[in-house]
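Take a look at the structure set out below.
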């Protein structure tokens, strides 16, 4: 046997904690139960301590930027849904606003408020997912279920407005696809009531929870200077005590007309990030409530109480086979559909005929409308911003979401660059986890809220 | 400090090092000589009036098929800077020739440049001198070509890669 211990016989020469110990390489991912997306961390471990980590991304690369160059401006909108698929509306609006900046136009007042409302609803659902998922990974499964329940209420709102839950494609350059539905404000208030209850429960379950705090306080911390050097924005930067928020620093849309606070932390650790996100959801709800109150234009849609049903939904119901009782509703349908969509369309879209498709009654009802329609649809025509470049930043759920678009004067973007808000924290992930225990990777990674769709594009 | 004043400050400091400036749609932009870019970035970061302490974004554009730019320098490396203390933005650009597609690395100034530059190398094939670890970021090692170059066809197929032993 010589001088070898039993451990060395089993595990080989130099095992154990003596001077001859070797580091162990462990692959976390690309597919791992505690990874929210596909990402690989090559970890070099000394016992249970992380010595070195190499983060490998790109498993969800879908050539977003290349695809954007291949089609007209509005064709990129569905791709932007899939960037951050937890809060797709913010991406939608960010891209549309960047093209608007390139064109030198500004969305209508009502559209700006709609964008604010929908962005904030998205932000809440994003934060709910982030906190819920990271709590689940630490064993708090109940919290996850509660939060997903609350997210469901918000996604129902999103579905009401856009017709889809995830791949919403709601924004258009120069406006939005459609106006808010009737009775939306009431639904929002109801959903927020439920969400607030969930948040209160979660607050009680997690914020002072011994197990949760043991795993979160002081873990994954990054100093303020380092956070800035890594260009990290959003909740992670605010958790380090810097109150930078694009909505406040360089207000866009209607954010300068609503009141809200920017919650900040102090230590920049996982626990502060959690607290910042929790506080931000309340602020987002405040913003939505104010925006709904201030929403200019008021209800535009045809009033259902007045028994006047608009032709479009009449046709829709017929297509779905819901013909029962339809004929009993007296409607007035003019042959050219005049005046039924136009006021709504004007309220949410800019008046620029070179940018926004005309309302359908114009397309089908007048030769000018038809020509206008085709001038925007035909290959080689469409939206043609003048030569130049523009960078437009919005506050995404994870930080500054920037779009940089270069136009060559044709109907296709020459170059679209998306600045993904979760790339900088991912680049800094090795700094956050090195020197800590391997189990701490899970809460730290959860607090970054990496969305692979946006990271890998 | 407003954008015009920043551009003025840069041109007065670097003189011929600033090739051109413009402010399309309110985005103030300066095109910097490649040999001066690191100095310009450091100046922007450290000057008390500018204090651009965040490298918000770093990307590149291939101008191969841009009207009237077909014969000029093919690539532009684009730096988007933001100042937290002063709340202003600036865009710096460096023009890079195709047969000498290199730029100095900004990693000594901002650690985040590491990943941004790896992505540019991956997507455009521009090398960054002094970069500690210039690997592809999004694509895999065996990938051939640089997909965001304008002469890379959008429907190009790549050979299948078998498992490595």
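Read the figures in this text as sums done on the coordinates, not as results from a lab. The structure displayed is predicted, hence computed values, not measured ones. Cβ sites come from the backbone with ideal geometry, for glycine too, and all protein chains shown count toward neighbours.
Between residue A:52 and residue B:98, how high is the FRET efficiency from 1/(1 + (r/R0)^6) when r is the Cβ-Cβ distance and R₀ = 22 Å? Nearest 0.05. Kindly include the intermediate steps, with their values, before the conclusion.
Working: r = 37 Å, r/R0 = 1.67.
Efficiency computed from Cβ-Cβ geometry: 0.05.
Calculate the FRET efficiency for residue B:11 and residue A:85 from the Cβ-Cβ distance with a Förster distance of 41 Å, rounded to the nearest 0.05. Display every interim value, and only then the final one.
On the way: r = 44 Å, r/R0 = 1.07.
The calculated FRET efficiency here is 0.40.
Given labels modelled 7 Å from the Cα in the Cβ direction, how far is it in nm from residue A:370 to residue A:439?
7.2
What angle do you read, to the nearest 10 degrees and between 0 and 90, between the alpha-carbon axis of helix B:3-14 and the longest principal axis of chain B?
Between helix and principal axis, roughly 80 degrees.
Can you compute the helix-only [θ] at 222 nm over the protein assembly as shown? Use -39500 (n - 2.57) per DSSP H run of at least 4 residues, normalise by all residues, nearest 500 deg cm²/dmol. Don't skip to the answer; put the middle values down first.
Numbers: 22 runs with 242 residues, N = 622.
Result for the protein assembly as shown: -12000 deg cm²/dmol, rounded to the nearest 500.
Just for the protein assembly as shown, what percent of DSSP beta bridges are antiparallel, to the closest 5?
Details: 52 of 59 bridges.
Percentage antiparallel, nearest 5: 90.
Below 8 Å between Cα atoms, with a sequence gap of 6+, how large is the relative contact order for chain B in percent?
17
Given chain B, what percent of its DSSP beta bridges are antiparallel, to the nearest 5?
Percent antiparallel among DSSP bridges in chain B is about 75.
Classify chain B as rounded, prolate or oblate, taking a ≥ b ≥ c as the square roots of the eigenvalues of its Cα gyration tensor: rounded when a/c is under 1.5, otherwise prolate if a/b is larger than b/c and oblate if not.
Values: a/c = 2.35, a/b = 1.67, b/c = 1.41.
Prolate.
Residue B:69 versus residue A:142, label points 7 Å from Cα toward the beta carbon: distance in nm?
Roughly 5.8 nm, to one decimal.
Does anything in region B:14-33 have its amide N under 19 Å from the 7 Å Cα→Cβ label point of residue B:2, and if so which residues?
B:21-30
At a threshold of 8 angstrom on Cα-Cα distance, excluding pairs fewer than six apart, so keeping six or more, what relative contact order does region A:68-116 reach in percent? Walk me through the intermediate numbers first.
Numbers: 22 pairs, mean separation 11.6, N = 49.
With pairs under 8 Å counted, the relative contact order is 24 percent.
Rounded to the nearest 0.05, what FRET efficiency do residue A:193 and residue A:243 give with R0 = 30 Å and r taken as the Cβ-Cβ distance? Could you check?
Details: r = 29 Å, r/R0 = 0.96.
My answer for the efficiency is 0.55.
Mind checking the full-extension length gain between residue A:159 and residue A:42? Use 0.36 nm per residue of separation minus the Cα-Cα distance, one decimal, nm.
Details: separation 117, 0.36 × 117 = 42.12 nm, distance 3.95 nm.
Here the segment from residue A:159 to residue A:42 would lengthen by 38.2 nm.
For labels at residue A:286 and residue B:42 in the simple 7 Å Cα→Cβ model, what's the distance in nm?
4.4
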